[in-house]
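Visitor: After the structure tokens below, expect a handful of questions from me.
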Amino acid sequence: MKVVIEFYRIREADHAHAIVGREIADATDLDDAVEIARRLWQTLDMPQRPDAMTISNNEGHKLYSGNFDPAEDF
């Protein structure tokens, strides 16, 4: 399945989201999509380190969302 992975920063004051990276990938299932996102979190050249991500299908339906723990390095 095709998935859209968006990485974003969250502003503490008002919880506004700013997208810092967006990738389209092929994944076999949701677990595979999450693993791809975690690898991209480590390797993708983004202007800032993202706080969170969402994974959506090619129709725009959100399949997964989660925050990254800054102390954890996937």
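Visitor: Of the residues in segment 1-29, how many are under 13 Å from the mean Cα position of the chain (by Cα) and closer than 16 Å to Asn67 by Cα?
Guide: Total meeting the criteria: 12.
Visitor: Would you call Ala27 on the phi < 0 side of the Ramachandran plot and modelled with pLDDT of 95 or more? Give the derivation first.
Guide: Numbers: on the phi < 0 side of the Ramachandran plot: yes; modelled with pLDDT of 95 or more: yes.
The answer is yes for Ala27.
Visitor: Name the strands (runs of 3 or more DSSP E) wholly within the chain that hold at least 2 residues that are surrounded by 12 or more Cβ atoms within 10 Å (Cβ to Cβ), among the aromatic types (Phe, Trp, Tyr) and touching a residue at least 24 places away in the same chain (Cβ under 8 Å)? Before you say what the answer is, go through the steps one by one.
Guide: Working: elements: 2-10, 17-26, 52-57, 62-67.
Those strands (runs of 3 or more DSSP E) span 2-10.
Visitor: I would also like to ask the following. Go over the candidates Asp26, Asp45 one by one and state the one that is under 12 Å from Phe7 (Cα atoms) and out of contact with any Ser or Thr (no Cβ under 6 Å at 6 or more places or on another chain). Steps first, please.
Guide: Working: Asp26 fails: under 12 Å from Phe7 (Cα atoms).
Exactly one residue qualifies, and that residue is Asp45.
The values are calculated or read from the model by the stated rules, or taken from the named source; none is laboratory data. Please read these numbers as outputs of a predicted model, since none were measured by experiment. Neighbour counts are summed over all protein chains in view; Cβ atoms, including those assigned to glycine, are modelled from backbone coordinates with ideal geometry.
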